[in-house]
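Inspection log for the structure reproduced underneath, given as structure tokens.
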Amino acid sequence: MMWQRLRELETIIAMAELELRRISHDPIELITRAVQPIFWIAIFGSVMARVRAFPSTGDYITFISPGVILQSSTFIALSYGIMLVFERESGVLKRLLSSPMPRSFIVIGRSLAGGLRASTQYIIVLIAAVAVGARITYDPLNLILGFLILIVASMGFTAMSILIASSLKTRERFMGIIGAITMPLFFASNALYPISVMPEAIQLVAYVNPLTYTVNALRALLVENSYAIGYDVAAIVLFDVISMLAALKLLHRIIE
Amino acid sequence: MEAFFTKAIEVRDLVKIYGGGVKALRGLSLSVEEGSIHAILGPNGAGKTTLIRILTTQLVPTSGSASIFGLDVVKRASEVRKLIGYVPQEVSLWTDLTGYENLLIYAKIYGIPPERRKDIVEEVLSMMELKEASNRLVKTYSGGMFRRLEIACALMAKPRLMILDEPTIGLDPSARKTVWEKILEYKKEYKTTVFFATHYMDEAEKYAGEVSLIVSGNVIETAPPDELRKKAGGDRVYLKLDKSIDGARDLLMKVEGLKIVRESGEEIEMIVNGALTVLPTIILALQSNGLQIKEIRIREATLDDAFIALTGKRIAEEEGNIRELISERKMIRRGA
Ligand SMILES: Nc1ncnc2c1ncn2[C@@H]1O[C@H](COP(=O)(O)OP(=O)(O)OP(=O)(O)O)[C@@H](O)[C@H]1O
Ligand SMILES: [Mg+2]
């Protein structure tokens with residue numbers, strides 16, 4: 001029985017493998033996705049650093065690097081649901097739903113897949129940031145921890161995306177909503193400036209925004225060389241659990 | 001012993017009303033014997049796919065029941081999923097992976113143990129004659145190769161029941177033939193039950209042991225193709241005489257099992273029961289009344305004729321083509 005259960009877990013890994021194989025056939029897509037964030041750091045970052053808009057942040061390019069990684073990875077994770085819209089129109093989802101794999105594994109597996117795809121940005125954007133002068137830690141433990149945290153956080157955003165795809169069903173509506181939520185998600189977080197500079201109402205949004213906690217954790221690990229990330233990780237895990245449960249609950253909608 | 005009594009598929013009074021209020025199934029019943037090949041044949045929108053999606057546990061019926069080898073598809077869905085191999089009407093492959101990778105991922109999803117995976121993937125690849133293409137991205141495949149790979153996928157878990165939703169849709173005749181050869185080859189080896197939906201008459205006629213005609217969410221007739229053909233009333237006979245058929249009409253009316261469908265001038269079309277045995281009598285009678293036959297054509301009744309006789313409608317091919325076009329377009333958009 002136990003063994004059987006473990007065997008089933010392998011299907012989650014299979015979903016991740018699917019994604020990695022996909023990426024290996026078309027790595028260019030992910031590289032092109034990293035171009036915009038690199039410009040953010042290089043142009044926006046250096047202009048803002050010059051005007052010293054946010055003096056409390058220290059070196060500004062260093063400050064925004066974790067935020068810009070998140071901007072890029074979150075957008076990829078949030079867009080992942082379009083894959084399910086495609087698979088709904090094709091027969092893939094029909095086949096998956098009639099396979100012995102439990103439905104919860106579809107949600108967990110695809111979230112992991114989306115999380116992996118999104119986290120590729122970590123590597124590309126970090127290298128670019130260092131190249132334009134960001135002072136990022138070289139401690140491998142911190143770097144690896146940061147990567148893992150980004151994967152976990154991106155899983156939550158992917159689950160959110162699956163949830164949106166299940167409810168909206170068409171690619172036009174889906175892309176519309178994703179476009180509409182990425183902007184506030186990004187600007188109502190501590191990705192580009194500290195929370196203290198925001199008006200109070202937006203501060204509230206920032207505190208329930210899972211991006212804030214992910215940026216916090218990455219900034220602690222990569223910039224401040226600190227391991228004070230317990231609360232942030234807890235918040236991220238909570239976000240994952242909630243978004244996956246919600247996605248699982250609504251998955252049946254995508255079928256009908 | 002259980003398998004002796006239970007049907008491969010048993011459907012009773014199945015009703016499905018979709019969210020938008022569309023009544024796709026209206027109390028449909030049918031049963032399929034283990035080991036048989038059973039076709040459901042019907043025009044677009046008849047409810048074939050809806051039935052199949054309920055049988056494969058994707059959709060829950062509004063009312064009525066369905067079971068696979070005695071297992072209820074709603075209450076025991078997870079057990080049912082282990083018994084079936086399914087090919088959806090639409091493309092169900094990841095087109096940005098190779099054929100081999102698709103099978104490998106699906107082998108894991110179907111829970112095939114790691115030590116047997118490689119062998120099984122190799123086995124189905126060579127069975128479907130896809131070995132050479134297996135390392136190419138699926139988006140470079142032809143329609144027939146797509147379908148064969150999807151069937152290969154469904155075969156990996158060695159299912160007791162294969163459920164195929166229009167397995168040859170959009171393929172040219174020779175690709176259709178190959179696909180069917182492969183299905184039959186597999187069936188012979190593993191004694192699988194095959195249940196398939198189609199709107200190609202000839203396919204149902206050629207490959208199915210039993211055919212259920214489905215119209216507007218109901219089965220109107222289930223029988224072996226030969227018997228269904230008989231429902232058409234007999235074979236189609238066309239005669240062209242050397243003069244007006246007026247003189248022949250009374251004579252023909254006397255022949256038992258003959259029905260005149262159309263007449264004009266020297267031409268006459270009729271339905272004749274057992275045409276090949278009755279025809280000599282007809283010819284003799286006409287000749288002895290001084291009527292010469294200039295042309296004669298006999299066409300055996302098809303399932304299409306039976307369908308028309310039973311429903312007054314035909315299984316429109318034009319619509320089929322439009323639909324194929326749509327699904328092809330979808331495919332292209334996805335592949336791009
Ligand atoms: N997801 C859905 N939501 C609402 N209505 C649907 C849905 N799927 C099918 N229908 C409707 O249900 C009816 C039966 O459709 P179904 O796809 O089962 O027919 P079919 O016999 O498979 O047709 P085809 O030969 O075109 O594949 C049609 O009127 C169709 O428009
Ligand atoms: Mg259909």
Within region B:69-100, residues open to solvent by 20 Å² or more (accessible area, probe 1.4 Å) and within 11 Å of chain A (Cβ to nearest Cβ) come out as B:Ser78, B:Glu79, B:Arg81, B:Lys82, B:Leu83, B:Gln89, B:Glu90, B:Thr95, B:Asp96, B:Tyr100
Exactly one of B:Asp119, B:Asp72, B:Asp96 is away from ligand 2 (no atom under 16 Å from the Cβ), touching a residue at least 24 places away in the same chain (Cβ under 8 Å) and in the same structural domain as B:Arg136 (by TED's automatic domain parsing), and that residue is B:Asp96
Expected output for region A:46-64 (first residue charged (D, E, K, R), partner at pLDDT 85 or above and surrounded by fewer than 18 Cβ atoms within 10 Å (Cβ to Cβ), Cβ below 8 Å, 6+ apart or cross-chain) is A:Asp59/A:Arg135
Considering only residues that are away from ligand 2 (no atom under 16 Å from the Cβ) and part of a helix (DSSP H, G or I), look in region B:202-212 and name the one that is nearest to the other protein chains (Cβ to nearest Cβ).
B:Tyr207
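If a residue counts only when it is farther than 23 Å from A:Ser65 by Cβ, which helices (runs of 4 or more DSSP H) contained entirely in region A:137-256 have at least 2 such residues?
On the way: elements: A:140-168, A:171-187, A:200-208, A:210-218, A:230-255.
Passing ranges, in order: A:140-168, A:171-187, A:200-208, A:230-255.
Table: residues versus (1) in a helix (DSSP H, G or I); (2) within 14 Å of chain A (Cβ to nearest Cβ); (3) among the hydrophobic types (A, V, I, L, M, F, W, C).
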site: B:Glu115; (1), (2), (3): yes, yes, no
site: B:Asp119; (1), (2), (3): yes, no, no
site: B:Glu123; (1), (2), (3): yes, no, no
site: B:Ala133; (1), (2), (3): yes, no, yes
site: B:Met145; (1), (2), (3): yes, no, yes
site: B:Ile151; (1), (2), (3): yes, yes, yes
Failed criterion for B:Glu79 (all others in (1) part of a helix (DSSP H, G or I); (2) within 16 Å of ligand 2 (Cβ to nearest atom) hold)
(2)
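Search region A:135-158 for residues being hydroxyl-bearing (Ser, Thr, Tyr) and surrounded by fewer than 19 Cβ atoms within 10 Å (Cβ to Cβ), and hand back the single one that is farthest from A:Phe63 (Cα to Cα). Give the derivation first.
Filtering region A:135-158 down to residues hydroxyl-bearing (Ser, Thr, Tyr) leaves A:137-138, A:154, A:158.
Narrowing further to those that are surrounded by fewer than 19 Cβ atoms within 10 Å (Cβ to Cβ): A:137-138.
Numbers: A:Thr137: 13, A:Tyr138: 16 Å.
Taking the candidates together, the pick is A:Tyr138.
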Out of B:Ala223, B:Ala197, B:Ala175, report the one residue that is in contact with a strand residue (DSSP E or B) (Cβ under 8 Å, 6 or more places away or on another chain) and more than 16 Å from ligand 2 (Cβ to nearest atom).
B:Ala223
Taking interchain pairs and intrachain pairs at least six residues apart, which have beta carbon atoms under 7 angstrom, with the first residue in region A:178-194 and open to solvent by 50 Å² or more (accessible area, probe 1.4 Å) and the second at pLDDT 90 or above?
none
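Let me confirm something: among B:Gly247, B:Gly234, which residue is at pLDDT below 90 and open to solvent by 50 Å² or more (accessible area, probe 1.4 Å)? Reasoning before the result, please.
Values: B:Gly234 fails: open to solvent by 50 Å² or more (accessible area, probe 1.4 Å).
On inspection, the qualifying residue turns out to be B:Gly247.
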Whichever residue in region B:51-63 is without any contact (Cβ under 8 Å) to a residue 60 or more places away in the chain and within 16 Å of ligand 2 (Cβ to nearest atom) and, among such residues, is farthest from the other protein chains (Cβ to nearest Cβ):
B:Ile54
Looking at this structure, is A:Thr57 away from chain B (no Cβ under 14 Å) and open to solvent by 10 Å² or more (accessible area, probe 1.4 Å)?
yes
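Checking the conditions here, which among B:Ala39, B:Ala66 is within 16 Å of ligand 2 (Cβ to nearest atom), more than 9 Å from chain A (Cβ to nearest Cβ) and either open to solvent by less than 20 Å² (accessible area, probe 1.4 Å) or outside any loop (DSSP other than H, G, I, E, B) (or both)?
Working: B:Ala66 fails: within 16 Å of ligand 2 (Cβ to nearest atom).
After applying the criteria, what remains is B:Ala39.
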Do we find a residue being more than 16 Å from ligand 1 (Cβ to nearest atom), acidic (Asp, Glu), farther than 30 Å from A:Trp3 by Cα and in a helix (DSSP H, G or I) anywhere in region B:157-180?
no
Give the residue that is farthest from ligand 1 (Cβ to nearest atom), with candidates limited to residues of region B:211-224 that are in contact with a helix residue (DSSP H, G or I) (Cβ under 8 Å, 6 or more places away or on another chain) and open to solvent by 10 Å² or more (accessible area, probe 1.4 Å).
B:Glu221
Over region B:19-36, the set of residues near ligand 1 (Cβ under 6 Å from one of its atoms) and open to solvent by less than 20 Å² (accessible area, probe 1.4 Å) is B:Ala24
Quick check on my filter: what residues within region A:126-139 are at pLDDT 90 or above and either under 14 Å from A:Arg33 (Cα atoms) or touching a Leu at 6+ places or on another chain (Cβ under 6 Å) (or both)?
A:Leu126, A:Ile136, A:Thr137
Here the residues within region A:60-86 that are open to solvent by 10 Å² or more (accessible area, probe 1.4 Å) and closer than 30 Å to B:Ile163 by Cα are A:Ile82, A:Met83, A:Phe86
Among all residue pairs at least 6 apart or on different chains, which show Cβ distances below 7 Å where the first residue, located in region B:266-285, is in contact (Cβ under 8 Å) with a residue 24 or more places away in the chain and the second is in a strand (DSSP E or B) and among the hydroxyl-bearing types (Ser, Thr, Tyr)?
B:Glu269/B:Tyr238
Residue count, region A:214-247, condition touching a Leu at 6+ places or on another chain (Cβ under 9 Å) and open to solvent by 40 Å² or more (accessible area, probe 1.4 Å), comes to 1
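The values are calculated or read from the model by the stated rules, or taken from the named source; none is laboratory data. Everything quoted here is computed from the prediction, not taken from an experiment. A quick note on method: Cβ atoms are made from the backbone with ideal geometry, for glycine too, and the neighbour counts reach across all protein chains shown. Heavy atoms of the whole protein, side chains included, go into the accessibility calculation; ligands, DNA and RNA do not. Shrake-Rupley method; radii C 1.70, N 1.55, O 1.52, S 1.80 Å.
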